[in-house]
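Peer 1: Below is the structure I would like to discuss, written out as structure tokens.
The values are calculated or read from the model by the stated rules, or taken from the named source; none is laboratory data. Remember, it's a predicted structure, so these values are computed and weren't measured experimentally. Neighbour counts run over all protein chains shown; Cβ positions are idealised from the backbone, glycine included.
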Amino acid sequence: MTRLFMLVLIIYILIPESGNAQLNNDKLGAWYMYFITTNFNNSQWGFQGDVQYRNWNIGGDLEQLLISGGLTFSPISTKLNFGLGYTNVHSGAYGKNNLTTMESRIYQDVMFPVQLGSRIYANHRFRFEQRFVEDQNLRTRYRYRVGINVPLNKTRMERKTIYLAFYDEIFINGQRNIGNGNHVEIFDRNRLYMAIGYFIQNGVQVRLGVMNQTTNSWKKNQLQVSLHHRL
């Protein structure tokens, strides 16, 4: 099963997409990410944060640099996890263009896990964003993501577990008028992701995968390398 997944992953990366006059869809991008979560003294409150360095290519052509942090709250006797946080986004243009755009986001989200059988671990996340993009009106966006982790060599997600990870996330714009006579579509983008992960130890896991991102104007594959750390 692992060999089959790696074969599909390689084919998925290498298959070219239809061309785009401004953005080379065939060129593999790369995202390098670090995620951290923790609870405060075993209370219902916690912290979640991440740093993401996104590139139009494998490295050097900045797509976005994201730095996020926020509080989390888990009600007693539930699996729900509520979040409130802030994200700073530094976006770069494709290619040799050195233009950059700054964005501040405030977000609220809720996550809840669901276990299906003994080996399928699913997680749903709903997120609402208020976006303050440079030279634009206030924008809002709705996001829904469903993710699935499937352990291969064990039945539980624990130390030394090798697992497959999948998710799909859809983004829907709120306001379509973003100022200066410019408009956006209701559909913003969709992200389809698959990876192979490994629990180095309880609370520390790494993933190597690929994400296909589709917008109204382009479609592109992104290599993803991520470290997930729970204190």
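Peer 1: Filtering region 109-157 down to residues that are touching a Ser or Thr at 6+ places or on another chain (Cβ under 7 Å), touching a residue at least 24 places away in the same chain (Cβ under 8 Å) and outside any strand (DSSP E or B), which residue is farthest from S74 (Cα to Cα)?
Peer 2: Top of the filtered list is E134.
Peer 1: Considering only region 76-86, I want to know if a residue exists there that is farther than 15 Å from E63 by Cβ and either of a type in the set (D, E, K, R) or touching a His at 6+ places or on another chain (Cβ under 8 Å) (or both).
Peer 2: Pass one, region 76-86, residues farther than 15 Å from E63 by Cβ: 76-86.
So of that shortlist, the ones also either of a type in the set (D, E, K, R) or touching a His at 6+ places or on another chain (Cβ under 8 Å) (or both) come out as 79.
Yes, some residue in region 76-86 is farther than 15 Å from E63 by Cβ and either of a type in the set (D, E, K, R) or touching a His at 6+ places or on another chain (Cβ under 8 Å) (or both).
Peer 1: Same structure again: If N212 meets every condition in (1) surrounded by 16 or more Cβ atoms within 10 Å (Cβ to Cβ); (2) free of Cβ contacts under 8 Å to residues at least 60 places away in the same chain; (3) within 20 Å of Y32 (Cα to Cα) apart from one, which number is that one?
Peer 2: (2)
Peer 1: Please list, ordered by first then second residue, the pairs with beta carbon atoms under 9 Å, 6 or more apart or interchain, first in region 78-93 and under 16 Å from F126 (Cβ atoms) and at pLDDT 95 or above, second part of a strand (DSSP E or B) and of a type in the set (D, E).
Peer 2: These pairs meet every condition: N81/D109; F82/D109; G83/D109; L84/D109; G85/D109.
Peer 1: Looking only at region 174-197, count how many residues are part of a loop (DSSP other than H, G, I, E, B) and under 24 Å from the mean Cα position of the chain (by Cα).
Peer 2: We begin by selecting, within region 174-197, every residue part of a loop (DSSP other than H, G, I, E, B); these are 174-176, 180-181, 184-186.
If we keep only those that are under 24 Å from the mean Cα position of the chain (by Cα) too, we end up with 174-176, 184-186.
Result for region 174-197: 6.
Peer 1: While we're here: Evaluate region 39-62: report whether one residue or more is touching an Asp or Glu at 6+ places or on another chain (Cβ under 9 Å), among the aliphatic types (A, V, I, L, M) and either buried (at least 17 other Cβ atoms within 10 Å of the Cβ) or in a loop (DSSP other than H, G, I, E, B) (or both).
Peer 2: So far as region 39-62 goes, no, none of its residues is touching an Asp or Glu at 6+ places or on another chain (Cβ under 9 Å), among the aliphatic types (A, V, I, L, M) and either buried (at least 17 other Cβ atoms within 10 Å of the Cβ) or in a loop (DSSP other than H, G, I, E, B) (or both).
Peer 1: Just one of the numbered conditions (1) surrounded by 17 or more Cβ atoms within 10 Å (Cβ to Cβ); (2) in contact with an Asp or Glu (Cβ under 6 Å, 6 or more places away or on another chain) is not true of L192; which one?
Peer 2: (1)
Peer 1: OK, next. For I106, state whether it is in a strand (DSSP E or B) and either β-branched (V, I, T) or in contact with a strand residue (DSSP E or B) (Cβ under 6 Å, 6 or more places away or on another chain) (or both). Break it down stepwise before answering.
Peer 2: Details: in a strand (DSSP E or B): yes; either β-branched (V, I, T) or in contact with a strand residue (DSSP E or B) (Cβ under 6 Å, 6 or more places away or on another chain) (or both): yes.
In short, yes.
Peer 1: Hey, Y167 hits all of (1) more than 19 Å from N221 (Cα to Cα); (2) of a type in the set (S, T, Y); (3) under 20 Å from the mean Cα position of the chain (by Cα) but one; which does it fall short on?
Peer 2: It is condition (1) that Y167 fails.
Peer 1: Next up: Among Y144, Y167, which is the only one that is surrounded by 16 or more Cβ atoms within 10 Å (Cβ to Cβ), at negative phi and not small (G, A, S)? Reasoning before the result, please.
Peer 2: Values: Y144 fails: surrounded by 16 or more Cβ atoms within 10 Å (Cβ to Cβ).
Sole residue among the options that is surrounded by 16 or more Cβ atoms within 10 Å (Cβ to Cβ), at negative phi and not small (G, A, S): Y167.
Peer 1: Right, something else. Within region 77-101, how many residues are loosely packed, with under 14 Cβ neighbours inside 10 Å and either acidic (D, E) or over 19 Å from the mean Cα position of the chain (by Cα) (or both)?
Peer 2: Residues meeting the conditions: 10.
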